[in-house]
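> Okay, here's the structure, questions in a sec.
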Amino acid sequence: RSKDIAFVIVRAGSGANVSDTMVHEIGWTARDAGAPEVVALEAEAAARTMFDFAARKAPWSEVTTFVASQKGKPSTQYVWPLNWSDGGWGFKWSAMNVGYDATVPLATVRVPVLWFLADLDHNVPSDASEMRLLEVAERSKHADFQVKRLARTGHGFTVSDTGSNNEFHTASHFVPGY
């Protein structure tokens with residue numbers, strides 16, 4: 001037990017690594033914009049490739065070759081990593097962070113944990129997060145670790161039928177249970 005921290009409450013935090021979380025967000029950015037599912041999946045695949053380049057610190061020539069292959073595709077407008085520049089912050093930041101996995105330090109936490117996830121979250125991959133969080137709780141034998149998954153809500157935990165971030169401006173109240 002910590003002498004400094006009595007409990008942990010996480011609201012809409014990802015239990016997936018940073019790369020998986022950003023790929024999820026990019027796919028939903030396309031979907032929220034009305035792109036066909038095939039375009040959203042292409043955007044996710046291109047983003048995954050870019051984050052993989054960053055994770056292994058690929059030579060910039062390899063990155064630019066891939067970026068050139070994506071030009072003109074409908075999915076390109078949703079894949080912000082395709083706009084990285086050599087020496088810019090995006091590639092460097094991603095190289096340092098895409099592999100970060102919150103469940104690694106979480107396995108050492110011994111205070112009560114309450115982790116909220118939203119069924120319709122377009123920013124956090126709730127299915128993957130819940131699976132990883134429950135695995136770490138079991139593996140670390142944490143007796144007071146709860147994942148609370150709420151229905152009919154997205155990232156902001158307001159009532160929603162779609163989870164779209166475009167609904168924030170019309171949201172009137174939080175979902176029951178939050």
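> Could you tell me which of 122, 78, 98 has its Cα farthest along the dipole of the chain towards the positive end, charges placed at Cβ (Lys, Arg +1; Asp, Glu -1), taken about the Cα centre?
98
> Can I ask one more? Give me the one-decimal nm value for the distance between modelled label points at residue 141 and residue 56, 7 Å along each residue's Cα-to-Cβ direction.
3.8 nm
> Calculated from the structure, Rg and Dmax of the Cα atoms in Å equals which of (i) 18.1, 56; (ii) 24.8, 97; (iii) 18.0, 62?
(i)
> Under a straight-distance cross-link criterion of Cα-Cα below 17 Å, which lysines are reachable from residue 57, leaving out those fewer than 8 residues away in the same chain?
Result set, ordered by chain and number: 92.
> Let me ask another. Check the straight Cα-Cα distances from residue 71 and name the aspartates and glutamates below 14 Å, setting aside those fewer than 8 residues away within the same chain.
Once the sequence-local aspartates and glutamates are set aside, what remains near residue 71 is 42.
> Continuing with the same structure: To test your reading of the geometry: what angle, between 0 and 90 degrees and rounded to tens, separates the Cα axis of helix 18-32 from the longest principal axis of the chain?
Relative to the chain, helix 18-32 is tipped by roughly 70 degrees.
> Near the amide H of residue 114, under 5 Å away, which other amide H atoms are found, from residues 5 or more places off or on another chain, if H is placed in the peptide plane?
Here 8, 9, 10, 146 satisfy the definition.
> Roughly how far apart, in whole Å, are the Cα centres of the stretch 139-178 and the stretch 78-116?
Between the Cα centre of the stretch 139-178 and that of the stretch 78-116, the gap is 21 Å.
> Could I ask something else about it? Within a Cβ distance under 12 Å of residue 177, other residues only, what is the Lys/Arg minus Asp/Glu net charge? Spell out each step's value before the answer.
On the way: positive: 148, 149, 152; negative: 119.
For residues surrounding residue 177, the net value is +2.
> Out of all DSSP beta bridges with both ends in the chain, state the antiparallel percent to the nearest 5.
15 percent
> Same structure, new question: Give the angle, between 0 and 90 degrees and rounded to the nearest 10, that separates the Cα long axis of helix 37-55 from the longest principal axis of the Cα atoms of the chain.
Orientation of helix 37-55: about 90 degrees from the principal axis.
> Cα to Cα, under 19 Å, and not fewer than 8 places away if on the same chain: which aspartates and glutamates meet these conditions relative to residue 3?
Those aspartates and glutamates meeting the cut-off are 144.
> What's the FRET efficiency of residue 97 with residue 38 using the Cβ-Cβ distance as r and R₀ = 25 Å, to the nearest 0.05?
Taking R0 as 25 Å, the efficiency between residue 97 and residue 38 is 0.30.
> Same structure, new question: Quick one: angle between helix 126-139 and the longest Cα principal axis of the chain, in degrees between 0 and 90, rounded to 10, please.
The two axes meet at around 50 degrees.
> Here's something else I'd like to know. How many percent of the accessible area of the chain is carbon or sulfur, using a 1.4 Å probe?
57 percent
> Next up: Sequence gap at least 6, Cα distance under 8 Å: using those rules, report the relative contact order of the stretch 57-160 to the nearest whole percent.
It rounds to 25 percent for the stretch 57-160.
The values are calculated or read from the model by the stated rules, or taken from the named source; none is laboratory data. Being a predicted model, the structure only gives us computed values, none of them experimental. Here Cβ is always computed from backbone atoms with ideal geometry, including for glycine, and neighbour counts include all displayed protein chains. Side chains included, ligands, DNA and RNA excluded: accessible areas come from the protein's heavy atoms. Shrake-Rupley method; radii C 1.70, N 1.55, O 1.52, S 1.80 Å.
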